[in-house]
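The values are calculated or read from the model by the stated rules, or taken from the named source; none is laboratory data. Owing to the predicted nature of the structure, the values given are computational and were not obtained by experimental measurement. Heads up, the Cβs are rebuilt from the backbone with ideal geometry, glycines too, and the neighbour counts pull from every protein chain shown. Only protein heavy atoms, including side chains, enter the accessible area calculation; ligands, DNA and RNA are left aside. Shrake-Rupley method; radii C 1.70, N 1.55, O 1.52, S 1.80 Å.
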Amino acid sequence: MEFEEKRKNLVESLKKRNILTEPKVIKAMLKVPRHKFLAEGAISSAYIDSPLSIGMSQTISAPHMNAMMCELLKLKEGDKVLEIGTGSGYHAALCAEIIAPNNSQNPGHVYTIERHLELADSAKTRLKYAGYGDSVTVINGDGTLGYPQEAPYDKILVTASSPKKVPPPLKEQLKDGGILCIPAGSKEWGQDLYVISKKGKDFNYEKITGVRFVPLIGKYGFD
Ligand code: SAM
């Protein structure tokens with residue numbers, strides 16, 4: 001079966017499970033080639049709803065988690081997005097497809113931070129090769145510090161699990177009215193996915209579901 005057909009089947013199954021409902025996110029999931037963000041040995045599993053190894057003991061999240069986070073963030077054209085945990089670059093590409101589609105009059109931008117230089121470099125190459133070189137900037141560093149150079153952000157997504165206390169720089173760098181989506185809890189087990197909305201100086205926390213992510217390592221993360 002061709003990649004496009006496999007991708008279509010995956011999207012249909014996520015729609016049936018009610019994980020994928022938002023037309024903009026459906027369109028992006030149908031378009032972004034997940035197989036182009038994987039190493040040779042993992043390509044045949046690209047359209048299975050499962051996390052996969054990307055090297056450096058890290059993973060690309062399962063597609064249902066990418067879809068869920070994109071929907072929870074209420075991404076829209078023109079948004080300035082910060083992602084912590086670039087990994088393969090796939091989730092950044094999905095966000096870019098939604099906030100800066102082709103021929104957009106008001107393109108947004110994705111800034112994405114990865115602590116492993118090797119992953120940051122390969123994600124940069126893959127994003128360029130897949131056509132997202134202009135809408136995504138990859139930064140190598142500690143994402144728990146955020147990226148103050150481009151703050152404030154409309155949306156922030158964290159794709160590694162934070163300690164219960166969410167890194168303060170991320171809350172500070174969120175725009176008034178902005179949304180932060182982050183898994184938080186213990187380093188190994190017992191994490192929950194939160195949607196945090198900022199209103200003035202107040203933050204509203206909504207617990208969405210139990211999840212399992214690799215740990216967020218850094219100054220405001222785990223050791
Ligand atoms: N979003 C990624 C994708 O689409 O492939 C998957 C991310 S993977 C589940 C989590 C990533 O977070 C790993 O690549 C890990 O190295 C990275 N990470 C962990 N702590 C970090 C930190 N403080 N700053 C930046 N990246 C971090």
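Residues that are charged (D, E, K, R), at least 1 per element: which strands (runs of 3 or more DSSP E) completely within region 24-118 meet that?
On the way: elements: 52-55, 58-60, 80-84, 109-114.
Qualifying strands (runs of 3 or more DSSP E): 80-84, 109-114.
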Is it fair to say Asn9 is part of a loop (DSSP other than H, G, I, E, B), away from the ligand (no atom under 16 Å from the Cβ), farther than 24 Å from Asp154 by Cβ and at pLDDT 95 or above?
no
Here are the criteria: (1) open to solvent by less than 20 Å² (accessible area, probe 1.4 Å); (2) more than 10 Å from the ligand (Cβ to nearest atom); (3) farther than 19 Å from Cys70 by Cβ. Tell me which single one Glu150 does not satisfy.
(1)
When region 20-34 is checked residue by residue, the ones that are in contact with a Leu (Cβ under 8 Å, 6 or more places away or on another chain) and open to solvent by less than 80 Å² (accessible area, probe 1.4 Å) are Leu20, Val25, Ile26, Ala28, Met29, Val32
Need a quick list: strands (runs of 3 or more DSSP E) entirely within region 149-222 having at least 1 residues that are of a type in the set (Ser, Thr, Tyr).
153-158, 191-199, 202-211
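Would you call Glu83 touching a helix residue (DSSP H, G or I) at 6+ places or on another chain (Cβ under 6 Å) and open to solvent by 20 Å² or more (accessible area, probe 1.4 Å)?
No: the conditions fail for Glu83.
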Does region 173-191 hold any residues that are within 16 Å of the ligand (Cβ to nearest atom) and free of Cβ contacts under 8 Å to residues at least 40 places away in the same chain, and which are they?
Leu180, Ile182, Pro183, Ala184, Gly185, Ser186, Lys187, Glu188, Trp189, Gln191
So how many residues does region 135-148 have that are polar (S, T, N, Q) and part of a helix (DSSP H, G or I)?
1
Hits in region 96-144 - residues which are within 13 Å of the ligand (Cβ to nearest atom), open to solvent by 40 Å² or more (accessible area, probe 1.4 Å) and in contact with a helix residue (DSSP H, G or I) (Cβ under 8 Å, 6 or more places away or on another chain)
Arg115, Arg126, Asn140
